[in-house]
Structure formats: C-alpha cells, structure tokens
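The values are calculated or read from the model by the stated rules, or taken from the named source; none is laboratory data. The shown structure was predicted, so the numbers you read here are calculated from the model rather than taken from an experiment. Backbone-built Cβ (ideal geometry, glycine too); neighbour counts: all protein chains shown. These accessible areas exclude ligands, DNA and RNA; they are computed on the full protein's heavy atoms, side chains included. Shrake-Rupley method; radii C 1.70, N 1.55, O 1.52, S 1.80 Å.
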Amino acid sequence: MNRIDLTGKRAIVTGGARGIGLAIAARLLASGAVVTLWDRDAPALDAAVKRLAGSGEVHTAAVDVTVAAAVTAARNRTLGAMGGIEILINNAGITGPNATTWEYPVAEWRKVIEVDLTAPFLCCRAVVPHLVKAGWGRIVNIASVAGKEGNPNAPAYSAAKAGLIGLTKSLGKELAKSNVLVNCVTPAVAETDILKQMTEAHVAFMLGKIPMGRFVQIDEIAALVLWLASAECSFSTGAVFDITGGRSTY
C-alpha cells in the first residue's frame with residue numbers, strides 16, 4: 001500500500017461505520033489523518049472504533065445526515081473533538097428497492113433522494129465554510145456509475161447519484177479559487193452489505209456489465225479517494241473519476 005501523507009489533516013467520513021466508508025477511514029488513519037466517523041447506526045460505530053483501534057485517532061458522531069439540524073450539531077461536535085476539518089468524504093448511501101420507474105414506491109423514492117443527494121448537500125453546506133476559512137480542503141463524494149449511465153429498475157438511486165455528480169461539478173466551480181477541491185468517484189458495484197438490498201437478478205445484471213468480470217474491492221475505492229483527498233491532487237476539481245473495471249470509460 002502506498003502511503004499518502006495526510007499528517008495533521010482532519011477528516012469526516014459519512015457512513016463510516018462499515019463497507020466503503022470504513023475502508024476509507026482505515027486508509028485515512030494509515031496516512032496520518034485524524035478521523036471522525038458519522039453514521040446513524042450507533043452500535044455499528046462502536047464496532048468500527050474497535051476495528052480501528054490502534055490505527056490512529058478516531059472520533060464518532062451518531063447522526064442522521066438527512067436532517068440539517070443534526071448535521072450542524074455533528075459538525076460542531078466534530079470541530080470540538082478534532083479542532084478543525086480539512087477533508088469531507090460524503091459516502092453514506094442506500095440503494096433502495098428494485099422496481100420500474102412507474103411502479104417505484106413514492107416513499108422509497110424520497111428516502112433514497114434524501115440519503116444519497118440531500119444529505120451530501122447538507123454536509124457540504126455545513127462544512128465548506130470551515131474548509132474555506134482554513135485555506136485548504138478536499139471534498140470527495142461517493143457517487144456511482146449508475147449516475148452516469150442509469151441502471152434500469154433503480155431510478156431513484158440512478159437519479160440521486162446523477163444529482164450528486166452535478167452537485168460535485170457545481171461546488172467544484174464555486175470553490176475553484178479557494179484551495180478547496182471537490183471531486184467524486186463513480187464506482188461499479190462493490191462487494192459490501194449494499195448488495196443485500198438488491199435482488200439477485202439485479203446484482204447479476206450489474207456484474208455482467210463489468211468487462212473485468214468482478215466487483216470492485218472497497219480497498220481499491222479507498223485508494224482512489226485518498227489521492228483525491230490529498231495535496232497530490234492539486235489541479236482537479238468538479239471532476240468525475242471512474243472506477244468501474246472498464247464498464248464506463250468517460
């Protein structure tokens with residue numbers, strides 16, 4: 001593993017208690033960063049802290065990132081614990097059910113949009129002023145290839161991730177002269193608990209679209225995210241970084 005130097009940097013990882021978020025947190029710690037995990041699952045946060053024990057300084061905040069007041073409170077608690085923030089990784093997300101657009105439950109649509117799009121907006125809104133004030137910052141949004149291509153029978157997820165790509169582009173341009181860079185990654189499906197939310201047919205469909213013939217590993221996503229969160233990423237902002245094993249080449 002190549003070590004990117006993030007000594008002294010302080011990072012938030014939403015949805016950090018498991019899966020991709022936990023892998024990113026572990027990589028941040030290995031690179032010298034201080035990390036706060038944001039997740040709504042308090043028991044999972046406790047388990048994550050145990051898994052990361054001895055890796056570095058870890059804080060947690062049990063927070064529903066779809067609620068603006070809760071995000072603000074978590075930010076204030078995080079600032080108190082870490083003393084500042086330089087890195088925000090918007091990773092929390094859900095897939096929602098698999099159904100055609102005309103049969104998709106309205107309540108589920110709203111839930112997916114809230115978690116996958118509104119929550120990153122709220123987190124950026126709460127954290128960006130502190131990054132700008134610090135004079136250095138990196139935001140990495142975990143989008144999806146579904147946001148680029150649109151997955152059938154996943155209209156809410158596809159729409160939310162497309163929106164997150166748009167948010168990344170907009171915010172990146174707004175902050176282009178501030179030394180706060182904003183980028184997103186668009187993975188193919190990773191082997192995480194999120195697969196349990198999908199039908200077997202949908203999982204097989206997505207695997208069949210990947211030329212490499214396998215799912216992406218969470219450590220591979222974490223490696224890309226770490227570079228985007230570092231000073232080595234210095235002239236890319238508002239950009240979309242593909243990690244789909246050849247499925248999407250733009």
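The table that follows gives values for the structure above.
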item: Region 115-163, subset out of contact with any helix residue (DSSP H, G or I) (no Cβ under 9 Å at 6 or more places or on another chain) and in contact (Cβ under 8 Å) with a residue 40 or more places away in the chain, residue least open to solvent (accessible area, probe 1.4 Å); result: L131
item: Residue within region 189-210 that is without any contact (Cβ under 8 Å) to a residue 60 or more places away in the chain, surrounded by 21 or more Cβ atoms within 10 Å (Cβ to Cβ) and not polar (S, T, N, Q) present; result: yes
item: Set N76, N98, N91: member being under 14 Å from the mean Cα position of the chain (by Cα) and among the polar types (S, T, N, Q); result: N91
item: Candidate set from region 174-218 (those that are within 19 Å of the chain's Cα centre (by Cα) and hydroxyl-bearing (S, T, Y)); member that is nearest to E108 (Cα to Cα); result: T192
item: From V58, V34, V65, residue being in contact (Cβ under 8 Å) with a residue 40 or more places away in the chain, closer than 21 Å to I4 by Cα and not small (G, A, S); result: V34
item: Identity of the residue in region 214-250, of a type in the set (S, T, N, Q) and out of contact with any Gly (no Cβ under 6 Å at 6 or more places or on another chain), that ends up surrounded by the fewest Cβ atoms within 10 Å (Cβ to Cβ); result: T249
item: Unique residue being surrounded by fewer than 18 Cβ atoms within 10 Å (Cβ to Cβ), under 30 Å from A231 (Cβ atoms) and not β-branched (V, I, T) when the list is N76, N91; result: N76
item: Matching residues in region 201-226 - criterion: being in a helix (DSSP H, G or I), modelled with pLDDT under 95 and of a type in the set (A, V, I, L, M, F, W, C); result: A201, V203, A204, F205, M206, L207
